[in-house]
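Contents: one structure, followed by commentary.
Just so it is clear, none of the values below were taken in a lab; they were calculated from the coordinates. What you see is a predicted model, and the numbers here were worked out from it, not measured in a lab. Because the Cβ atoms are built from the backbone with ideal geometry, glycine has one as well, and the counts that use them run over all protein chains shown.
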Amino acid sequence: MLIKPGAFRALTGRDELTEYLSSTGSAHHAFCKHCGVQPYGWGHIPQIGGDYASVNLACLDDLDPAELVAAPVSFKDGKANSWWNTPAETRHL
């Protein structure tokens, strides 16, 4: 889920994360040092509105699996730098 950075605040666990910076420098990915899960990330991509934070909804405490399954999903073609379009192939996503 993408949100504006001002709407996101990690409450705990920052010391348990390690960060990976994308090759373009536009995206920061936080990973758990113990299990490798990526709970959130942040960055700046003009094509999607500038600054953003992304949240891995499956990492949220007390999220009912039915709510996760019912959540809307949209695909953006970042590989081709065509963020406003859905990729031609999404079966593997």
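General observations
- By the Kirkwood approach, averaging reciprocal distances over each pair of separate Cα atoms, the chain gets a hydrodynamic radius of 14.7 Å.
- Relative to the Cα centre, the charge distribution of the stretch 2-64, modelled as +1 at Lys and Arg Cβ and -1 at Asp and Glu Cβ, gives a dipole magnitude of about 220 debye.
- Sites L21 and D62, calculated FRET efficiency, Cβ-Cβ separation with R0 25 Å, nearest 0.05: 0.20
- Sorting 41-47, 80-86 by average packing, meaning the other beta carbons within 10 Å per residue, from highest down gives 41-47, 80-86.
- Once both labels are positioned 7 Å from their Cα atoms along Cα-to-Cβ, the gap between R9 and V37 label points is 2.3 nm.
- Dividing the summed -39500 (n - 2.57) terms of all DSSP H runs of n ≥ 4 by the residue count of the chain sets its mean residue ellipticity at 222 nm at -1500 deg cm²/dmol.
- Straight-distance candidates among the aspartates and glutamates for linking to K76, with alpha-carbon spacing under 17 Å and chain neighbours fewer than 8 residues away dropped: D51, E89.
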